[in-house]
Each structure stands twice: as structure tokens, then as C-alpha cells.
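Step one of this worksheet: look at the structure below.
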Amino acid sequence: MPFRWGMAIDLNACTGCEACVTACHAENNIPTVSAEQASRGRAMHWIRVERYYEGNFPDVRVKFRPVLCQQCDNAPCEAVCPTYAAHHNEDGLNAQVYNRCIGTRYCANACPYNVRFFNFFNAEWPKPLHLQLNPDVSVREVGVMEKCTFCVQRIKAAKTAARAEHRALVDGALQPACAQACPTSAIVFGDLNDPDSRVARLARSPRGTRLLEDLGAEPKITYLQKQPWHEPDAY
Amino acid sequence: MNRTLTKPFTDDMVRPVMSTTVWFWAIVLATGTVVASGAAAWGYQLWYGIGLSGKRWPGFWALYLTNFVFWIGISHAGTLISAILRLVNAGWRRPVTRVAEVITVFALMIGAMFPIIHLGRPWLAFWLFPYPSAREIWPNFRSPLAWDFFAINTYLTGSVLFLLLPMIPDFALVRDRSTGWRRKFYGALSFGWRGTTRQWNRLESAMQIMAIAILPVAVSVHTIVSFDFSMANVPMWHSTIFGPYFVAGAIFSGIAALILAMAALRKALHLEKYLLPLHFENLGKLLLLMSILWGYFVFNERLTVWYGNEHHEMAVFWATQRGQYAPLYWTMVICNFIIPIALLSNPYTRNIIGCVVASFGVVIGMWLERFLIIVPSLAHKALPYSWGTYTPTPVELMIMAATFAAMILLYALFAKFVPIIAIWEMKAGDFAHAPRQGLAAADPHRIDAAAPASPEAAS
């Protein structure tokens, strides 16, 4: 049975520390841009922690929500790409073929989550930063879109290792960088096709919702949080 | 019978082709400089990356796509209007058609460049061509951008044919009046036109076929351009009204561009005798009609969004209605609706100056309309955390200015090399009651003395 990679993120456990963001940058060779470029909206973070503020001062609560590519089953980004650079792979991931991308940026417009990023310039890795580049991940050139891959290089490596050793992939043996770095284990990754995997059980949780579910993109990330109907008096 | 054309008509038409004034060189030099600067700006952008434009996350489409839709809209001036007028056999169309068709071809050429300028890796644009490759990868036919590619290419091919076909007899006329390189040049362009009855009949039926065929193509082109937006689930893009709204807007801006071009040509080439106030008044009425239609579409679009009160869409709605983009929005309403209606519904101001002022307004207003469709929606998508903004950069503005200069330059060159009013159609118009006779009379090489007197002789 093919895999169907998914994720569950516990918003009640998220502290907004952004360790996931840093880990993602290191793992996936995401360029860091200058402060001037960042102020012009050219910063790239495949995962970001959105902050929302609830209540009126001084009774304010901050809510964090890590947002990354939702790896939608019915992905709006894929249909609009004229060159098939954005496509669905056999594991249900929204794959991006960098070499096939011509940079129409239509996918980024169609994506309701704004999790696709564009290489406005060729990235620079001034010495000695070039030594930290992950050899398993290609560096993207100017003019192509990129986005979270669910650390597809780790998925590939784990699958290859499992096949070489003639064993099945066990749940939890494989983690993307963000899940690995999360100090509160708020991010759980796994195979949704395995009904007993942790992520599949969490995806069925009554605490779970999906981001902008009404748009019909069928995202594969479940956000877990205390729901209003758990404590009716609060509302 | 009222034969208005006289011998000086042909001379008036051929004179700009045969002699060059200092003004021509001045215009070519001025616009050529701007075009060259735009090309340099594009080269600069190619070298360093598309980051030199003002685009930013999350609004990845901005000024280039605004200009794309704007110029494709302008292109609806010609072929569509001239085909409709041809099919309904409106007699007043005759001096207008070629002026209009040229706008179509040049505006399409300019507009079709923008998606390429806008690409992240323009050197790979050929991947949109459906060519058999060793990797067996075709374009994604589900993508509206692939539809665009085919629609615009079809329309460009069709409009070039539609423009070239009726130019053949005029090329032959210039060929026969010239010597030296001009004779060779126009001889090649006139495809061996000798003005036989068979050739006239074939030209007439070809024009009839083209006029009918080009109408659905023209309508579909701007519908498909609107699909680039309405297919995506972006607030205020995902709307069923976009197809007709874009087509109406395109014809609207096209007529405005046509009026401006006619007014400029009238002054520059001294065509006061042929481009009459009547033509401006008729086109002014068309512009008035399209202005009302445009207002109707905007009202429909805005009212349904406001009444539906869907919160993602309302963010965009209020951003344009009274937020950051409100000054642009209300300028657009004034330019597209209030000024044209005020000037053109009044017979006293529906003169040449009134039409030109209204057309200027419409061109500005329609450009703003395209900007306001693209930018505020992308800046206010569903997640408020990732709302954004956009400011154009000098590179983008330079390239945009260059395309306006390119339009003037191409137009000046065209008017230099081709009689800008279809000579034979004007002559045939003098025999509108007897088309066959008219065609024969229009033939510059007619030697049959027994046939009705030619309009030149009739003076």
C-alpha cells in the first residue's frame, strides 16, 4: 500500500519558539536574505509561526500556528502549473520539480495558505556558510518556486534503507526536520494510510481541524487544539 | 449617388509613404530611446533576477500582469470592432478599420511579451509550446496559462491575416506609383496583385470569412485571459462574471485607444478630410455604450460580493472601496464611468475633443481596473497573517513606459510604410449601392474604358 504522508500539529503544545523554522532552514538549504530584502517581502520560510492575538489589553492571549505546505490532496497549486513543475507524487505529496519550473508563480497565487516561495535572486552562501549546505537537497536557482517538501530527502532515504534491509517502515522512525526540532513534540509526522500510526489517530481526534477546510483543498495537516465545544462556558 | 472622393485622396494617402518629414524622425528618435531604455531595464532584470521588480510574497503577480491584461484588452479595439462593423456593413467604418486593426496587432504583440517578461526564468518560456520532446513532457493543458498561450497565438495569427489581407490592393497601388527599392518592396508585399475580378472576389470572400471567424476568437481570448484569475480560488477572483466583464472592458479600452489613435493620425498626417467628426461621434456613442455596460458589470460584481458578505472577499472589497486602494478605485470609477458619461451623453461635448478627453480617461481607468483586480486580491488572501502590499520599482515602470513608447513607435513606422486608410475600401464605399461596380472602380489598374467612371475621374 502506498504511503500517504500527513502531519498533526498540536497548537496547545506549540510555544512559538520557532525552532522548527530554524531546523527547516538548515535542513533544506533555504536561503536567508538580507534585512533589506526581507523588508521587501523576499524572506523565505517553508514553515512559519503565525501569531494571532486574542482579547483586549491587558487581557491578551497570543496564539501560535505553525503554517507550512498542507500537502493538499486536492491541491490548487498543481492544476494551474503550465509545465507540471507542481505535481502530485505517488506518496500523495505536492512535489515541486525545480528544474521544470519556469516561474509563472501561478501556483503561489492559487495556494490559499501562501506557503510557496519564490527565488527572486540567486541565493548566496558566503564562506564558510556554504559548508553547512545539506548535500541531500538541491540548491534552487533564481526564478523558481519552492516550498515545504515534508523533507522528501529523508522520506526517500528511509524508504531506501527499509527496502535494503527488507523491512517495513515503522511509524515514528522518520521525521521531518521541524518535527525533530520541536521541543514540545507538537509536530507529529507519519503515514495516514496506516490507521494505527500516531498521526492517523491524531487526525481522527475531535480536537482536530484543518486550516481553511471550507476551501476544499483537502489539506493533510491536522491542527489540534482545545475546541470551544470542550468548554462551552468560555464562549 | 454621392461620390466624395477625389483625385487628391489617393495622393493624400500615398504621400506619407513616399516622403518623410522631420516629425517622423523626431517621434522615432524619442520613442526609440524610451524603448531602448526599456529593453535595457529588461536586460538588467534578466541578469540579476526578477527580484528587481517590486513583487513580493504573497502577491506574486503585479505590474507586468496588469500590463498584460491591459494591452490584450487594448487589442480588442481593432479586429473585433472592424469585424463587427464590416459584418453589419456600416458605411462609416471604411476610414476607421485599418487604424483599428493595426492597434490590435501591435497591442497583442506588446501584451504577449509581458507574460514572458514576468517569468522567473524567461529563457525557458518555450516549455509552453506543445512540442514533442525526448522527455515526453507536454504542457499542462489543465493550466489556464496554457490556454492563454493558445488563445493569444490564435488571435495574433488571425488578426495579422485580417490586417494583411485588405492591405494587398493598397500595396499594389503604392508599387505602381513608385520606383526603385519601394517598387521592389511593395511588389513583394502585394503578392502579385493585378486587380482581376477573380482576385477581388477572392479578397472579398476571404475578408467575409475572416470577419466571421475572428469574432469568436476575439471574445474567447479575453475570456481566457479572465480565466487566469477566475479559475483560482482567490478572494474576488473566483467569479463567474469575469469572462463577460473582461471582454466588455477590453472592447471599452479598445475603442478608447482607437479614438486616441485616430485623433493623433488626423493631426499628424492631415487626414481631416477623411477622419470626420462623424467618425468620432459614432465611436463616442459606442464608447458611451461600453461605459454604461462596464458600470453595470462593476455594479454586479461589487454588489454580489458585498451582499454575500463572505469574510475573505470582504477584506479585498473594503481594501479597494475605502482602504489602501480606495484612491485608485475611485479614480477608476471617475475615469471609466463619470467622465465618459458626462462628456459623451451630451451632443455638444460629443465632439472630437470630448471623445479624446473621455478616451484618455478610459485608458487610464481601464489600466487601473486591471491593477485593482490583480494586486488587492493577492494582497488579501484568506490568512490575514500573510497579507501584503506592493509598490512598483523603477525597472517595472521603465519597462511599462517602454511598451507605451513601443506602441507609438510601431504605429509611426506602420503609418510610414502603409497607407493608414484603406484606399480601395474608401473608393468601394463610393459605390456602396453597387458593390461590384465599386470594386471595379476601386481597382487602380482598371483599363476597361467602358466601365463606369472611376471616382478619380468623377471629380
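The values are calculated or read from the model by the stated rules, or taken from the named source; none is laboratory data. Worth saying up front: this structure is predicted, and the values here are computed from it rather than measured. Here the Cβ is made from the backbone with ideal geometry for all residues, glycine too, and neighbour counts use every protein chain on show. Ligands, DNA and RNA are excluded from the accessible area calculation, which covers all protein heavy atoms including side chains. Shrake-Rupley method; radii C 1.70, N 1.55, O 1.52, S 1.80 Å.
Applying the criterion of at least 1 residues that are under 30 Å from B:Ala232 (Cα atoms) and either in contact (Cβ under 8 Å) with a residue 40 or more places away in the chain or in contact with an Asp or Glu (Cβ under 7 Å, 6 or more places away or on another chain) (or both) to the helices (runs of 4 or more DSSP H) found wholly in region B:317-393 leaves B:326-333, B:352-379. Residue pairs whose Cβ atoms lie under 7 Å apart, sitting 6 or more positions apart in sequence or on different chains, and linking a residue in region A:146-170 that is of a type outside the set (Val, Ile, Thr) to a partner that is open to solvent by less than 60 Å² (accessible area, probe 1.4 Å) and in a helix (DSSP H, G or I), are A:Glu146/A:Tyr98; A:Cys151/A:Glu27; A:Cys151/A:Ala177; A:Ala168/A:Ala162; A:Leu169/A:Ala158; A:Leu169/A:Lys159; A:Leu169/A:Ala162. One residue stands out in region A:102-118 among those that are at the interface with chain B (Cβ under 7 Å from one of its Cβ atoms) and assigned to a loop (DSSP other than H, G, I, E, B): the one that is surrounded by the most Cβ atoms within 10 Å (Cβ to Cβ), namely A:Thr104. Selection over region B:366-394 of residues that are surrounded by fewer than 22 Cβ atoms within 10 Å (Cβ to Cβ) and among the β-branched types (Val, Ile, Thr) gives a count of 3.
Residue by residue, here is whether (1) under 18 Å from the mean Cα position of the chain (by Cα); (2) modelled with pLDDT of 95 or more; (3) over 17 Å from A:Ile47 (Cβ atoms); (4) surrounded by 14 or more Cβ atoms within 10 Å (Cβ to Cβ) holds:
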position	(1), (2), (3), (4)
A:Thr160	no, no, yes, no
A:Ala168	no, no, yes, no
A:Gly172	yes, no, yes, no
A:Cys178	yes, yes, no, yes
A:Cys182	yes, yes, no, yes
A:Ile187	yes, yes, no, yes
A:Pro195	no, no, yes, no
A:Pro206	no, no, yes, no
A:Asp214	no, no, yes, no
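Working only within region A:126-136, note down all residues that are in a loop (DSSP other than H, G, I, E, B), open to solvent by 50 Å² or more (accessible area, probe 1.4 Å) and in contact with a helix residue (DSSP H, G or I) (Cβ under 9 Å, 6 or more places away or on another chain). Residue satisfying the conditions is A:Asp136 alone.
Got a sec? Which of B:Arg183, B:Arg175, B:Arg194 is among the charged types (D, E, K, R), outside any helix (DSSP H, G or I) and either free of Cβ contacts under 8 Å to residues at least 24 places away in the same chain or touching a helix residue (DSSP H, G or I) at 6+ places or on another chain (Cβ under 8 Å) (or both)?
Numbers: B:Arg183 fails: outside any helix (DSSP H, G or I); B:Arg175 fails: outside any helix (DSSP H, G or I).
One residue alone meets the criteria, B:Arg194.
B:Ala232 fulfils the conditions (1) open to solvent by less than 30 Å² (accessible area, probe 1.4 Å); (2) part of a helix (DSSP H, G or I) except for a single criterion, (2).
Results for (1) touching a helix residue (DSSP H, G or I) at 6+ places or on another chain (Cβ under 7 Å); (2) within 23 Å of A:Phe118 (Cα to Cα), shown as yes or no for each residue.
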position: B:Met113; (1), (2): no, yes
position: B:Ala125; (1), (2): yes, yes
position: B:Pro130; (1), (2): no, no
position: B:Ile137; (1), (2): no, no
position: B:Ser143; (1), (2): yes, yes
position: B:Ala146; (1), (2): yes, yes
position: B:Ile152; (1), (2): yes, no
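For residues in region B:131-165 being within 11 Å of chain A (Cβ to nearest Cβ) and in a loop (DSSP other than H, G, I, E, B), which is surrounded by the fewest Cβ atoms within 10 Å (Cβ to Cβ)? Applying the filter and picking the extreme gives B:Arg135.
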